[in-house]
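> Can you read through this structure? Questions will come right after.
The values are calculated or read from the model by the stated rules, or taken from the named source; none is laboratory data. As the structure is a computational prediction, the values presented were derived from the model and not from experiment. Virtual Cβ from ideal backbone geometry, glycine too; neighbours counted across all protein chains shown. In case anyone asks, the SASA skips ligands and DNA or RNA and just uses the protein heavy atoms, side chains included. Shrake-Rupley method; radii C 1.70, N 1.55, O 1.52, S 1.80 Å.
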Amino acid sequence: MRRMIFCIGLLLAALAAPFSAAGAQTSAASRPQLATATFAGGCFWCMESPFDKLDGVVSVTVGYTGGTKQNPTYEQVSAGSTGHAEAVQLQYDPGKIGYAKLLDTFWHNVDPVTPNAQFCDHGNQYRSAIFFHDEEQKRLAEVSKAELGKSGRFQQPIVTEIVPASTFWPAEDYHQHYYLKNPLRYKFYRTACGRDRRLEELWGRQDHPS
């Protein structure tokens, strides 16, 4: 009797296997293929929230990129000795949001005409930059920068860098989602730094989510 039950069990398992495999394949196929985008716009606390609010952006990580030191710390980067910029790296679903929309959000949240500084933060570590991950991102970034330059919005030249993406080092955990973990400190810093005031001068009152 036990042997018969065992054989029936093996038969049922064999019949179920193709359906399980098909289900797994369907599940994998239905998962969106995510793309990566990396931007620097001064204080990374302030660059996280605008992208977090976009439909199609799956995750935003703050960190350091564009430098030479391996696994840099916040103290080292903020001292300006590593060559890194404070940056955000996004994982996004290209089926829901295009890179052009990410670029538009980026531009409206930075001061693109001030070199090696953003608002109250000064130094190469606070430069504005677009770190492209493929040739299409490079093309779109260059087109958007050229169009912005021709728009007549700014009297000064646009100094935002467009450079190849390199190793991105996630920042320490207490920096991740800082605007959610410490909303009062975040708002105080953002206001004291004059970020929103300057963005309104550059882009207008309604153009930059904070």
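> What is the local net charge at Pro157, summed over the other residues whose Cβ is closer than 15 Å to its Cβ (Lys, Arg +1; Asp, Glu -1)?
Net of charged neighbours comes to 0.
> Over segment 65-176, with every protein chain in place, what whole percent of the accessible area is carbon and sulfur at 1.4 Å, could you tell me?
Carbon and sulfur together cover 49 percent of it.
> Pull up all non-local amide H partners of Ser128: gap of 5 or more, or a different chain, and H-to-H distance under 5 Å with H placed in the peptide plane.
Counting only residues 5 or more places away or on other chains, the set is Asn116, Ala117, Glu161.
> Name the chymotrypsin sites (Phe, Trp or Tyr not before Pro) in segment 118-210 that are in a loop by DSSP and that have at most 15 other C-beta atoms within 10 Å, would you?
Phe154
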